[in-house]
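Before any comments, here is the structure.
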Amino acid sequence: MLSSRNDLIQMADIYKRSLEKQTKKILICAGTGCVAGGALKIYQKFIEIMKQKGINCAISLEKEPHDESVGIKKSGCHGFCEMGPLVRIEPWGYLYIKVKPEDCHEIIDKTIVNGECIERLVYSKDGIIYKKQEEIPFYKKQTRLALEHCGHIDATSIEEYIAIGGYKAFEKALFDMDSDEIIKQIEESALRGRGGGGFPAGRKWSQVKRQQEEIKYIVCNGDEGDPGAFMDRSIMEGDPHRVLEGMMIAGIACGAQEGYIYVRAEYPLAVSRLDNAIKEARKYGILGKNILGTDFSFDIKINRGAGAFVCGEGSALTASIEGKRGMPRVKPPRTVEQGLFGKPTVLNNVETFANVPSIIIKGAQWYKSIGPEKSPGTKAFALTGNIENTGLIEVPMGTTLREVIFDIGGGMRGGTEFKAVQIGGPSGGCLTKEHLDLPLDFDSLKKAGAMIGSGGLVVMDENTCMVEVARFFMNFTQNESCGKCVPCREGTKRMLEILERIVAGEGKLEDIDMLLELADTISSTALCGLGKTAAFPVVSTIKNFRSEYETHIVDKKCPSKTCSKLKTIFIDEQLCKGCSKCSRICPVGAISGKIKEAYKINEDKCIKCGACIEACNFKAIKED
């Protein structure tokens, strides 16, 4: 138990020396993706082999280690998810990709013992071998602040977090700054909320501090409901103490004594790591009553949500924590005035809180020196879709879409042509080739009819149907609508019905104008942010790809041949050998004919499943 500032300083010094004794480190990515790929088996295999060989290995930091050792650690997400399971070897900085348990012997014998790089396990592209992680193009243009420690420290150890300078910002805020100075620092840094809205964090903290209520709350939104997004999850899994530290600093600034982290139940590993971090912090007295001998008391609880997308909205989220159905309410009063349990509440997302400790330590001007003036700092993105390198990235605000997709992402998979990117998830918009040099920041994206959202980037190539993309996101939003307000509940349903008619070849030209009219009405009258932004994907796809909608409606064709009901499957009589294989494999009996004569497809029966195309050995069955 730490009872003073000096105790924390001494603990940091003790464990820093202990960490320095680990002259070599094996950092196994233990984020959700790599764990699913077998990372924990690799972790156990390393420990097993080390013991067999009599190599001194350390799976945790000791207070007084006598000998040098090899540290074996479960780290957070390294980001290069496409190449997992990943293993980083220090001090050389080697990053081994697609590691298997059977590789562990060779890694220990060649790398740990002799310092030799195993080239077959490192990333290579176009004949170039990249031994060190920082040399890989995927990492080279990144600037990691919120993700700074992910992949570089033991994600399960408070001792290691403190040894590398963790809780130093909290210590500074607690002993060297008053609440006004903390808020001023955050305001001057121009840190904006990373959950999607981009509201200035310092202004929100200031509004809560001004409230006269004795009880106030700090709430961290880790719900992250966008399809394909996993930025917040990775921070919670890989650097949970950083999130706690950001919340605790907000508690000092606003006069709050209690915090809640709202995490979706589909994130069991994040919940487990956060729970462990909270227990460790309590054990050392960093959370609890009279922290470090001061009169400041603060504790944090985890609340697991049921995965409702609408609970990303502030009032719905706080209602869910209170045990009510997660539904937004009319504002004002806003969350800063009457939030959780009717009390003033600071509500920021995981990434926002993860930026706070660095700002307190390095200062507002340092933070403002990164990225554009009105949107400084960095932003984490989940890069997915038809792109060569998928994974978790963090870049300075203002980085262009071209740099993200082609420099970091490695360009389009399979050499296809870039078509569009959906940014901001179901609440975002669609960007095209003309936007490739658009800087990714809050204001530039808003002007382009899109938004950063929580940071999902779904990259699409020439084979993507944009009408189907709009239908997919509208289907998601309609399912996630809480149903409280008529514009969202009924309006999104009508839009989905129209889109489903269009992709089925039953649309009318006036449907396009009706979609735009409905979009305008819903955006203007919906109760919360989910409804107000629900139509963004539809509006942006109509704006940028109107001709695709018209082709679906007028020609009854899908240009990308994605929409199954608009496909025509036929048999080329010149190529058909009459083998009957297609007829035998057809699940609905739509193909008929005689052996050694060309077979035919009954279009009225055909369900466009494509089984016959895959089965034909002569490439006689084609689709149009």
For the range 1-86, what number of Lys pairs, 8 or more residues apart or on separate chains, have alpha-carbon atoms under 12 Å from each other? 6
Could you let me know the centre-to-centre spacing of the range 95-134 and the range 280-330, using Cα atoms, in angstrom? 42
How much net charge surrounds Ser580 when only other residues with a Cβ under 11 Å from its Cβ are counted (Lys, Arg +1; Asp, Glu -1)? +4
As I understand it, the dipole of the range 469-624 uses +1 on the Cβ of Lys and Arg and -1 on the Cβ of Asp and Glu, about the Cα centre. Which of Val539, Ile595, Ile613 lies farthest toward its positive end? Ile595
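Suppose a student asked you for the relative contact order of the range 53-208, using Cα pairs under 8 Å spaced at least 6 residues apart; what percent would you report? Each step should come with its number before you reach the end.
On the way: 150 pairs, mean separation 27.8, N = 156.
In percent, rounded to a whole number, it is 18.
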Quick note, the range 359-493: a/c under 1.5 would make it rounded; otherwise a/b > b/c is prolate and the rest oblate (a ≥ b ≥ c, C-alpha gyration tensor); here it is oblate
Hey, which lysines would be in cross-link range of Lys125, C-alpha to C-alpha under 22 Å, not counting anything within fewer than 8 residues on its own chain? Lys98, Lys100, Lys140, Lys141
Given the options Leu274, Tyr549, Pro200, identify the residue whose Cα lies farthest towards the positive end of the charge dipole of the chain (+1 on Cβ of Lys, Arg; -1 on Cβ of Asp, Glu). Tyr549
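If r is the Cβ-Cβ distance from Asn6 to Ala265 and R0 is 45 Å, what FRET efficiency results, to the nearest 0.05? Let's see the in-between values first.
Values: r = 41 Å, r/R0 = 0.91.
The value I calculate is 0.65.
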Expressed as a rounded percentage, what relative contact order does the range 305-436 have, with Cα pairs under 8 Å and six or more residues apart? 11
Peptides ranked, highest mean first, by Cβ atoms within 10 Å: ranges 421-428, 373-380, 90-97: 421-428, 373-380, 90-97
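At 1.4 Å probe radius, can you tell me the per residue accessible area of the range 518-624 in Å²? Before the final figure, lay out the partial values.
Values: 5930 Å² over 107 residues.
Normalised by residue count, the accessible surface of the range 518-624 is 55 Å².
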With +1 on each Lys and Arg Cβ and -1 on each Asp and Glu Cβ, and nothing else charged, work out how big the dipole of the range 83-124 is about its Cα centre, in Debye to the nearest 20. 160
Can you give me the distance in nm between label points at Asn276 and Glu500, each placed 7 Å from the Cα along the Cα-to-Cβ direction? 4.4
Mind checking which lysines have their Cα closer than 17 Å to the Cα of Lys331? Skip sequence neighbours fewer than 8 apart in that chain. Lys204, Lys343, Lys484, Lys532
Under 15 Å Cα to Cα from Lys110, which aspartates and glutamates show up? Leave out anything in the same chain fewer than 8 places away. Glu90, Glu102, Glu119
Please list, by residue number, everything in the range 8-34 whose backbone N is under 15 Å from a paramagnetic label point 7 Å out along Cα→Cβ of Asp67. 21-24
Answer in debye to the nearest 20: the dipole magnitude of the chain about its Cα centre, from +1 Lys/Arg and -1 Asp/Glu charges placed on Cβ, is 1020
Given a Förster distance of 60 angstrom, what is the FRET efficiency for Thr568 paired with Glu373, based on the Cβ-Cβ distance and rounded to 0.05? 0.65
Quantify, in whole percent, the carbon and sulfur part of the accessible surface of the range 18-171 (1.4 Å probe; protein heavy atoms only). 47
Counting only other residues whose beta carbon sits under 14 Å from that of Lys374, what net charge do I get with K and R as +1, D and E as -1? +1
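List the trypsin sites (Lys or Arg not before Pro) in the range 1-67 that DSSP assigns to loop (not H, G, I, E or B) and whose Cβ has at most 11 other Cβ atoms within 10 Å. Which are they? If you can, show how the numbers build up before the last one.
Working: sites: Arg5, Lys16, Arg17, Lys21, Lys24, Lys25, Lys41, Lys45, Lys51, Lys53, Lys63; in loops: Lys21, Lys63.
Here the trypsin sites (Lys or Arg not before Pro) that fit, given the DSSP loop and packing criteria, are Lys63.
Quick check: at a probe of 1.4 Å, how many percent of the accessible area of the range 196-240 sits on carbon and sulfur atoms? Spell out each step's value before the answer.
Details: 610 of 1510 Å².
The C+S portion of the solvent-accessible surface of the range 196-240 is 40 percent.
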Listed candidates (1) 168; (2) 274; (3) 233 - label of the one calculated as volume of the Cα convex hull per residue in Å³: (1)
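Out of the DSSP beta bridges found with both residues in the chain, what percent are antiparallel (nearest 5)? Let's see the in-between values first.
Values: 36 of 67 bridges.
For the chain, the DSSP antiparallel bridge percentage is about 55.
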For Cα pairs less than 8 Å apart in space and 6+ apart in sequence, what is the mean separation divided by the residue count of the range 1-105, i.e. the relative contact order in percent? 35
Net charge dipole size for the range 510-553 [Lys, Arg +1 and Asp, Glu -1 on Cβ; Debye, nearest 20]: 280
In nm, to one decimal, how far is the Glu106 label point from the Lys51 one, both placed 7 Å along Cα→Cβ? 2.6
Quickly work out the Glu490-to-Lys140 label distance, labels modelled 7 Å from Cα along the C-beta direction, and quote it in nm with one decimal. 5.7
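Nearest 5 is fine: what % of DSSP beta bridges in the range 1-139 come out antiparallel, could you say?
The antiparallel proportion sits near 55 percent.
The values are calculated or read from the model by the stated rules, or taken from the named source; none is laboratory data. Not measured: the values here are computed from a predicted model. Counting neighbours? That spans all protein chains shown, and the Cβs are built from the backbone with ideal geometry, glycine included. With ligands, DNA and RNA removed, areas are computed over all heavy atoms of the protein, side chains included. Shrake-Rupley method; radii C 1.70, N 1.55, O 1.52, S 1.80 Å.
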